[in-house]
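Here the structure is laid out as structure tokens; the discussion comes afterwards.
The values are calculated or read from the model by the stated rules, or taken from the named source; none is laboratory data. In this text, all values refer to a predicted model and were calculated from it rather than measured experimentally. Quick reminder, even Gly has a Cβ in these numbers, built from the backbone with ideal geometry, and neighbours come from all protein chains shown. Note: areas computed on protein heavy atoms with side chains; ligands, DNA, RNA excluded. Shrake-Rupley method; radii C 1.70, N 1.55, O 1.52, S 1.80 Å.
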Amino acid sequence: MATDGAPPRWDRKMQQRLAHGEAAALGELYDRFASLVHTLAHRVLEDEAAADRVTREVFGHVWEHPGDFDPKEGSLRSWIAGLTHRQAVERLRQSQSAGAATPEEIEEKVRAASAAARADYIVTSMPAPLRAALDLAYLRRLDYRRAAAQLGVTEDEARRRLRLGLQLLSTAHRGPRVIAPPAHGGAL
């Protein structure tokens, strides 16, 4: 299911239009996702020019390889976000390895950037009511009572939205789960 409100059918149709070389489809896709791509790349790279390059590279890849998208794997938005993250991390690793950073420093920066990118993606993907509650509470610094009044909901509903939004956001810092192999001679 597409998380941005677009039905999976839209994703498949867009893929078909791109595969047929329809330039207007690329323009429509760019209008819809360029902000997401640039924001994710900037989060990882912390460099405006590098984020611009990654944005161009991601949309270039989408244009040249629309068949790489598999609707069974997720939404077009998720696929594009994944492409962006991989490209930005690769660029970060290249730029860091060219400098004086140690491999450990590079990996720590990649982990931090990945968590930030996941957080960004989670916030932009969450339902609008949750995103609005978080915006009022954390960006505008309103307490839940004032947030409830702004949202036109009960205080209990505002607390519920904030709690759920924070629960979703907390998953960004967990990162991928790594399961350690059993100790030598240990049972599975």
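Packing, taken as the mean count of other beta carbons within 10 Å per residue, orders the peptides 144-151, 18-25, 83-90 from highest to lowest as 83-90, 144-151, 18-25. If you take all other residues with their beta carbon under 11 Å from the beta carbon of R53, and give Lys and Arg +1 and Asp and Glu -1, the sum is -2.
A simple packing score, the average count of other Cβ atoms within 10 Å per residue, orders the peptides 61-73, 113-125 as 113-125, 61-73, with the highest score first.
Projecting the Cα atoms of T171, G152, S35 onto the charge dipole of the chain, computed from C-beta unit charges around the Cα centre, puts G152 farthest toward the positive end.
Here's the picture: charge each Lys and Arg Cβ at +1 and each Asp and Glu Cβ at -1 in the chain, and of A49, G21, A117 the one pushed furthest to the positive end of that dipole is A117.
Binning the C-alpha pair distances of the chain at 10 Å intervals from 0 yields a P(r) profile of 9, 28, 29, 23, 10, 2, 0 %, listed from the shortest bin outward. Per residue, the average separation of C-alpha pairs within less than 8 Å and at least 6 apart gives the chain a relative contact order of 20 percent. An ellipsoid equivalent to the stretch 69-138, defined through the eigenvalues of its Cα gyration tensor, has semi-axes of 28, 19, 7 Å when rounded to whole angstrom and sorted largest first. Percent of accessible area on the chain owned by carbon and sulfur, 1.4 Å probe? Answer for the chain is 54 percent, counting heavy atoms of protein chains only.
Taking Cβ atoms as reference points and 12 Å as the exclusive limit, the residues near G165 contribute a net charge of +4, counting Lys and Arg as +1 and Asp and Glu as -1. The charge dipole of the chain, taken about its Cα centre with unit charges on the Cβ atoms of Lys, Arg (+1), Asp and Glu (-1) only, comes to about 680 debye.
So, in nm, how far is label H20 from label E73 when the simple model puts each one 7 Å beyond its Cα toward the Cβ? It works out to 2.4 nm between the two label points. Normalised per residue, the accessible area of the chain is 62 Å², obtained with a 1.4 Å probe and no contribution from ligands, DNA or RNA.
Each Lys and Arg adds +1 at its Cβ and each Asp and Glu adds -1 at its Cβ; summed about the Cα centre, the stretch 87-136 shows a dipole of about 160 debye.
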